[in-house]
Amino acid sequence: MIDSSIPNHVAIIPDGNRRYAKARGMLPWEGHRAGAETFKKLIDWCKEAGVKELTFWACSTDNLLREKKEVDFLLMLFEQFADEFIKSLEKGKVKEKVKVRFIGDLDRLPKKLSDKLMKLENQTKDNPDYKINFLVAYSGEWEITRASKLIAEEVKAGKLKAEEITPELFEKHLMLQDKPDLIIRTSQERLSGFLPWQSAYSELIFIKDKHWPEFSKQDFKACLEEYARRIRTYGR
């Protein structure tokens, strides 16, 4: 690998699960199971490379509008992950002090599932070594609207003056303040409302010829190498 800086924060838009399944004669939602296996590998690849924070778009608000069987299957995968992670934590099987966060409109999820996600988040909130952010029931429009409402409520309550609203203040009202250094998307070449505020100066790599379940360790290494070749000027 090129001897250069590694992105501290990598974000993933894992597109193509259903197309992967369709091409193999599988039920569309079975592609999500294959995608989940790729995600588990990704965690190890990030740790090996020295990446300290991973953001993964697990489910958009639009995804929740799909066929009920597919949505139920996807939510079942989330619940399985939460159960496995919680058990691993309780048994001391997780070596790294991983901080897990769930970013999105969790009120749109079944209460049993959202409670488990919050339990996992609370159990790991003070862990310092590594961060994993899951975007669940998330859209950029939703996050921006939520932040705007919070600020409007503070102005209405007299806690804040309109002239005091700045980009820095607005950012503090976002669910995720951390900004990805590198965003990788498979299968398509667009952001689709992914972290619109946080991604302003992120480096973007699109791998349109691969669906997410096909994404490999070699692909990840190639993305890191491409990132290392780029000169980041942040608009200056």
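Values for this structure:
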{"read-out": "Expected 222 nm ellipticity per residue - DSSP helices of 4 or more, -39500 (n - 2.57), all of the chain, to 500", "value": "-13500 deg cm²/dmol"}
{"read-out": "Lys159-Lys22 FRET efficiency (beta carbon distance; Förster radius 41 Å; 0.05 resolution)", "value": "0.20"}
{"read-out": "Rounded to the nearest 20 debye, dipole of the chain from Cβ charges on Lys, Arg, Asp, Glu", "value": "360"}
{"read-out": "Ranked by how many other beta carbons lie within 10 Å on average, peptides 155-168, 211-224 from highest", "value": "211-224, 155-168"}
{"read-out": "Stretch gain in nm, segment Leu204-Glu189, where the contour uses 0.36 nm per residue and the Cα spacing is subtracted", "value": "4.5 nm"}
{"read-out": "Net charge contributed by nearby residues that have their C-beta within less than 12 Å of Ala152 (K/R +1, D/E -1)", "value": "+2"}
{"read-out": "Gained length - Arg236 relative to Ile144, 0.36 nm times residue gap less alpha-carbon distance", "value": "30.6 nm"}
{"read-out": "D_trans [Stokes-Einstein, Kirkwood Rh over alpha-carbon pairs] for the chain, 4 °C, 1.567 mPa s, µm² s⁻¹", "value": "68"}
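Every number in this text was worked out from the coordinates using simple rules, so none of it is lab data. Here the structure is a predicted model, which is why all the values come from computation and not from measurement. Counting neighbours? That spans all protein chains shown, and the Cβs are built from the backbone with ideal geometry, glycine included.
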